[in-house]
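Reviewing the structure listed below.
The values are calculated or read from the model by the stated rules, or taken from the named source; none is laboratory data. This is a predicted model, so every value here is computed, not measured. Glycine gets a Cβ as well: all are built from the backbone with ideal geometry, and neighbour counts include every protein chain shown. These accessible areas exclude ligands, DNA and RNA; they are computed on the full protein's heavy atoms, side chains included. Shrake-Rupley method; radii C 1.70, N 1.55, O 1.52, S 1.80 Å.
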Amino acid sequence: MIRLSKSVIGEEEKKAVQQVLDTEFLGYGPEVFKFEEALERYLGGGVSVACVSTGTAALHLALQAIGVGTGDEVLVPAITFVASFQAVSATGAVAIPCEIEEASGLIDLEDAMRRVTKKTKGIMPVHYASQVCDLKKIYAFSEKYGIRVIEDAAHAFGCLYKGKKVGSLGDVVCFSFDGIKNITSGEGGAVVSGDKHVIMAVKDARLLGIKGDNEKHKKQGRSWEFDVTGQGWRYHMSNIMAAIGRVQLQRFEKEFKPKRVDLGHHYNAGLRKVGGIGLFPIDLESVVPHIFPIRILGGKRDHLRDVLISEGVQAGIHYKPNHLLSKFGRGYRLPIAEKFYEEILTLPMHPDLTFNEVEKIVDIIETHI
Ligand SMILES: *Cc1c(COP(=O)(O)O)cnc(C)c1O
């Protein structure tokens, strides 16, 4: 079976976890602070990082930190993981599904513009399939309407925008480190921002809203007579998770990133010659592919998916549009997103995938399209 995605874990991660186990201090502590500092150094740009339990928790706390709550609306592209929508609704706000651009699957700002109301508090662009949204246009849009930007960068760890790392610029940027993302901490996520107030609010809220507890933990202590002023959650990262994340971050630039990029080139070279499919316009100079979706034209997507599975190749669909889900439909259609959903097929992509396997997958597609 050729897996669609997987974690890539070696001896170094195992050793790092063993070391944490040996300290018998498994929870929120020094490994987390070291991982946060390492991420800050890696991203550059003077941003601060707060690590949390999942990417969904990162989005939820980021939204809460900028003041999104009941009665507010946040613009979200219809094509994204349901995590983006659930994070908005977790705050009590309403996620407003927006149309996508046909070629990329990224949020269509013309459509988003028509959905702005007095209640709109923010926009959550999703860097789908590691393609970075046009941040210049996104931030011009947010300035025009006086709203905040929460980038869902779950697919875009290590990607560049005009030569700068995603996360090193922008308002509030959220990463996921779940098992299959560009780096993993087992489960995990991070909120990144240059806005110190946002990061402080996230750091309080991840520890049940206990004021200043975060700083006490840094000095190996904790607050006993504390105050709580807002809603908090149990969303912190653990030492075990952070230990895995630190090793993965060290391996990323020299190992995971070049392998994912090379696999992308290999797929493109093979698939460019195949008719009846569409490739995403990804620039592998700045994109580190987390997933590798292609378009299957002529209504043959489901057929091709069945063939791949019967040949032992897992294939996926990223994503069913969120406005088609009972909880998130708003009573209107989004035809481009719906057509996109019919055509999209995600091929295997992870650093343990071999070039031979890519060639096998290309052959199957070429034969059966
Ligand atoms: C993975 C993912 C998330 C959520 O991250 P988790 O760590 O799984 O909670 C959010 N948005 C997108 C687009 C994702 O792919």
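Things to note:
- Inter-site label distance for LYS339 and LEU26 at 7 Å from Cα along Cβ, in nm: 5.2
- Accessible surface of GLU215 - all protein chains present, 1.4 Å probe, nearest 10 Å²: 80
- Taken along its three principal axes, the alpha carbon spread of the range 113-193 comes to 40, 27, 21 Å, from the longest extent down to the shortest.
- Theoretical gain in end-to-end length, TRP224 to VAL82 [0.36 nm per residue, Cα-Cα removed]: 47.4 nm
- When ILE66, ILE336 are compared by accessible surface with a 1.4 Å probe, the order from highest to lowest is ILE336, ILE66.
- When Rg and Dmax are taken over the Cα atoms of the range 76-215, they come to 15.1, 47 Å.
- Heavy-atom accessible surface of the range 139-202, averaged per residue, reaches 33 Å², computed with a 1.4 Å probe.
- In Å², nearest 10: area of GLU110 left accessible to a 1.4 Å probe: 110
- Scaled against 2.2 N^0.38 Å for its residue count N, the alpha carbon radius of gyration of the range 299-369 is 1.35.
- Peptides 257-263, 176-182, 205-211, 123-129 ordered by packing proxy, namely the average of other Cβ atoms within 10 Å per residue, highest first: 123-129, 176-182, 205-211, 257-263.
- Counted over all Cα-Cα pairs of the range 160-199, pairs farther apart than 15 Å make up 48 percent.
- Point-charge dipole on Cβ atoms (K/R +1, D/E -1) for the chain, about Cα centre, debye to 20: 560
- Share of pairwise Cα-Cα distances greater than 26 Å in the chain is 51 percent (whole percent).
- Each 10 Å bin from zero up to the one holding the largest Cα-Cα distance in the range 145-241 carries the following percent of pairs: 15, 38, 34, 12, 1.
- All Cα pairs of the range 286-328, percent lying beyond 13 Å: 68
- Measuring nothing but alpha carbons in the range 29-145 and taking Rh as the Kirkwood radius, the Rg to Rh ratio lands at 0.99.
- Solvent-accessible area assigned to carbon and sulfur over the chain amounts to 52 percent, based on a 1.4 Å probe.
- Size of the range 187-342 from its Cα atoms: along the principal axes, largest to smallest, the extents are 67, 47, 32 Å.
- When TYR319, TYR139 are compared by accessible surface with a 1.4 Å probe, the order from highest to lowest is TYR139, TYR319.
- Considering only LEU75, GLY27, GLY46, the residue lying farthest towards the positive end of the dipole of the range 22-110 is GLY27, judged by Cα position with unit charges set on Cβ.
- Hydrodynamic radius (Kirkwood) for the range 263-346, which is based on Cα pairs only, to one decimal in Å: 14.3
- The convex hull defined by the C-alpha atoms of the range 3-83 has an orientation-averaged projected area of 8.7 nm².
- Residue ranking by accessible heavy-atom surface, 1.4 Å probe, largest first, among LEU21, LEU106, LEU169 comes out as LEU21, LEU169, LEU106.
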